[in-house]
Amino acid sequence: HPSPETLSPEELMALDNRHIWHPFTQHGTESAPLLIKSAKAATLTLGDGSELLDLISSWWTCTHGHSHPALNAALAEQANAYEHVMFAGFTHAPAISVASRLVNLLPGDLNRVFYSDDGSTAVEVALKIAYQHWSNQGEPRNVFIALDGGYHGDTVGAMSVGKGCGFFSLFRDLMCEVQVLPYPSTFIGDDEVEEKEDGAIAALERLIEEYPDQIAGMILEPLLQGAGGMRVSRPSFLTRLVETAQAAGILVIFDEVATGFGRTGTMFAMEQAGVVPDMVCVSKCLTAGYLPMAATVVRDELFDSFIGDSFSRALAHGHSFTANPLACAVSLRSLQLFEEENTLKRIGEIAEKHRGFLERIADRPDVTWPRQVGSIMAFDVKGSPDYQSAQSRTLKDWFLSNGLNIRPLGSTVYLMPPFCITDAELDRAYEGIIEGLDRLA
Ligand code: PLP
């Protein structure tokens with residue numbers, strides 16, 4: 001086998017075509033993937049030397065920018081000290097430092113951090129903790145509640161509570177039973193918000209009556225459903241929903257895998273609603289997008305219910321790479337950068353620019369449902385709503401061939417840029433979107 005470093009881009013692509021199975025890809029119809037040569041700040045450089053602005057932060061992970069010098073240095077320093085050790089029976093400063101910083105950033109008594117590998121596994125851990133908590137109390141409960149349109153990952157438990165993305169129906173028989181609440185998504189200028197929110201709260205109240213002492217937990221993406229189509233809901237709805245569920249003894253799990261670490265304008269989306277869930281799942285920007293790692297952070301009381309004399313009360317869960325020191329080191333440095341670079345202030349400026357752009361396009365006949373939360377801005381293009389619609393593909397291809405990495409979710413066009421993006425780069429993205437829409441018309 002030839003070594004990849006000595007191969008030309010064409011030879012590499014031939015090997016990719018022969019050996020690689022890409023995620024969320026229909027290899028029979030989709031064009032070949034783009035070969036990355038390097039990435040710096042908000043720019044991806046391809047094998048042929050052309051450049052793309054990474055306006056979706058490489059699946060929403062890239063935080064301070066690609067190949068950030070401070071993060072690179074933290075990674076190198078940790079690699080020279082030790083790269084990995086198992087986490088049962090061992091511990092290390094990077095994991096301890098990240099956990100203590102994380103719990104200080106989170107509200108209430110969310111004080112206990114369980115590490116895992118990615119967003120999906122953070123959700124699996126939360127579901128297992130909720131289930132076992134009730135079992136440890138001697139009051140087993142097995143009903144979970146999720147919100148329509150939610151997405152929580154692709155593993156079996158996460159698929160079970162992922163409702164409405166349409167990808168998972170094939171696996172129905174593998175999944176556990178979940179009750180679904182309507183999601184009152186809103187947009188700028190929406191005048192039916194209250195009615196939709198009242199409907200969702202009433203649906204929760206009906207479930208509470210229908211399943212007394214059987215509901216183990218409720219999982220949701222606070223303020224913004226990402227993969228479901230950048231669907232925004234109001235903080236006041238979140239407050240009502242959480243208060244209603246917690247008053248009925250339901251454990252509330254926030255999935256902040258996409259919304260965590262500044263994306264919605266505050267460090268965590270939950271801050272805007274002034275509520276404290278029983279558990280929160282984080283990943284993606286936890287490591288600034290450098291390495292796969294996640295955390296499920298739980299309230300003290302929940303952790304305490306796993307303490308006892310017998311191992312059967314303990315959480316029987318762990319991954320080979322739990323709390324990987326390299327991932328922890330880069331995560332710690334990233335959390336420091338939030339303070340050093342005043343990242344939240346920059347996010348506020350990005351939000352302001354997004355709002356200006358949405359105002360500019362709001363009256364276009366082909367644009368509907370403009371919405372924005374923090375550094376995330378989205379709108380829908382009128383027309384075919386299918387995830388794989390011709391319109392969506394045409395737009396994506398046009399953006400890519402014009403230097404913009406923007407991947408519409410069906411009819412939803414959105415930006416979720418790394419926080420290092422400059423005003424000039426954002427302006428380029430906005431002009432590109434307008435030109436793309438004009439071509440489609
Ligand atoms: N939860 C949310 C809200 C997500 O957006 C995602 C991924 O996009 C996940 C969970 C799954 O994360 P991962 O792809 O890292 O498993």
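Values quoted throughout were computed directly from the atomic coordinates according to the rules given, and no laboratory measurement underlies them. Owing to the predicted nature of the structure, the values given are computational and were not obtained by experimental measurement. Cβ atoms come from the backbone with ideal geometry, glycine included; neighbour counts cover every protein chain shown.
Could you tell me which GluC sites (Glu not before Pro) in region 41-139 are loop residues by DSSP with no more than 13 other beta carbons within 10 angstrom of their beta carbon?
Of the GluC sites (Glu not before Pro), the ones in loops of region 41-139 whose Cβ has at most 13 other Cβ atoms within 10 Å are Glu83.
For the chain, the tally of Lys pairs with Cα-Cα distances below 26 Å comes to 20, considering only residues 8 or more apart or on different chains.
The overall shape of the chain is oblate: from the C-alpha gyration tensor, with semi-axes ordered a ≥ b ≥ c, the ratio a/c is 1.5 or greater and a/b is no larger than b/c. Applying the criteria of a DSSP loop state and at most 15 other Cβ atoms within 10 Å to the chymotrypsin sites (Phe, Trp or Tyr not before Pro) of region 103-202 yields Phe167. When the chain is described by a simple charge dipole with +1 on each Lys and Arg Cβ and -1 on each Asp and Glu Cβ, the residue from Leu404, Gly318, Leu44 located farthest towards its positive end is Leu44.
Each of Ser38, Ser233 was scored by other Cβ atoms within 10 Å of its Cβ. Arranged with the fewest first, they read Ser38, Ser233. Distance between the C-alpha centres of region 61-115 and region 409-441: 32 Å, rounded to the whole angstrom. In plain terms, the chain from Thr29 to Glu340 could stretch by 107.4 nm, reckoned as 0.36 nm per residue minus the Cα-Cα distance. Here the label points at Phe171 and Lys128, each 7 Å from Cα along the C-beta direction, are separated by 1.6 nm in the simple model. Computed per residue of the chain from DSSP H runs no shorter than four, each worth -39500 (n - 2.57), the mean residue ellipticity at 222 nm is -12000 deg cm²/dmol. Nearest 0.05, what FRET efficiency do Ser97 and Ala316 give at R0 = 30 Å with Cβ-Cβ as r? Efficiency for this residue pair is about 0.65.
Distance from the alpha carbon centroid of region 1-56 to that of region 237-291 works out to 34 angstrom. Would you please classify the overall shape of region 49-192 from the alpha carbon gyration tensor, given that a ≥ b ≥ c denote the square roots of the eigenvalues, rounded means a/c under 1.5, and beyond that prolate means a/b larger than b/c while oblate covers the rest? Oblate, since a/c reaches 1.5 and b/c is not below a/b. GNM, the chain, Cα, under 10 Å: largest mean-square fluctuation among Leu105, Leu127, Leu71? Sorting by GNM fluctuation, first place goes to Leu105. Among Ala99, Ala76, Ala126, the largest mean-square fluctuation in a Gaussian network model of the chain, built with springs joining Cα atoms closer than 10 Å, belongs to Ala76. If only the Cβ of Lys and Arg carry +1 and only the Cβ of Asp and Glu carry -1, the dipole of the chain around its Cα centre is close to 460 debye.
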